[in-house]
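Have a look at the structure below before the remarks.
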Amino acid sequence: MAAFDESIDVNVPVSEAYALFRQFERFPAFMEGVEEVRREGPDRLYWRANIGGREEEWEARVVADEPDTRIAWESVVGARNAGVVRFEKLDEYTSRVHLHVEYEPEGFVENVGTALGLVNGRMRGDLKRFKDLAESGALAAGWHDPAHRPTADAQRDRAVGEAERAAFREGPATTVRTEDDRIEPDLPTDRDRY
């Protein structure tokens with residue numbers, strides 16, 4: 001198994017960092033590639049993510065949830081992974097968030113991405129986006145995603161999450177045109193004459 005293990009200091013109280021991280025449905029707002037996280041029960045989560053160009057799905061079980069201290073999980077179905085996030089109070093208004101994740105890369109692309117450090121770089125970016133989200137007052141904004149809400153609300157929140165992630169991406173967006181992108185006008189053919 002591959003592993004990621006890093007910390008980041010966040011300028012919010014430890015209770016706020018913990019509460020924001022515990023809003024699992026909000027993970028797409030700061031985790032690149034994560035398209036959906038949905039509660040399936042009090043300690044079960046459904047995940048859907050784009051990993052190495054492939055859509056992956058898995059279920060995870062929350063195995064520890066200690067307020068203001070730590071949250072731990074392990075996958076039970078699908079992509080194999082497990083992890084723990086710890087929250088440490090540095091002072092009244094500053095917390096250290098420590099993320100440890102173990103995962104099993106599958107296939108050539110994921111193994112190469114892991115070997116090149118791309119996966120860990122992605123998770124490092126996730127921590128930075130979490131810090132930015134927390135420090136922007138996201139928890140104080142009152143967003144809460146109850147387990148049973150209309151599908152339209154869930155789709156709107158996913159779109160908002162993608163917009164928030166896009167705001168933190170670096171570099172210009174570019175499009176490379178190909179021959180397949182050309183649009184030809186509909187011209188009559190010999191077949192159309194008959």
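The values are calculated or read from the model by the stated rules, or taken from the named source; none is laboratory data. Just so you know, these numbers come straight off a predicted model, no measurement behind them. Glycine gets a Cβ as well: all are built from the backbone with ideal geometry, and neighbour counts include every protein chain shown. Calculation scope for accessible area: heavy atoms of the full protein, side chains included, ligands and nucleic acids excluded. Shrake-Rupley method; radii C 1.70, N 1.55, O 1.52, S 1.80 Å.
Note on residue 15 and residue 93: the model spin-label points, each 7 Å out from Cα along the C-beta direction, lie 1.7 nm apart.
Couplings for the stretch 75-87, taken from phi via the Karplus curve 6.51 cos²θ - 1.76 cosθ + 1.60 with θ = phi - 60°, read 6, 10, 9, x, 3, 7, 6, 7, x, 8, 10, 10, 10 Hz in order; Gly and Pro are left as x.
These residues, 76, 62, go from largest to smallest accessible area, 1.4 Å probe, as 76, 62.
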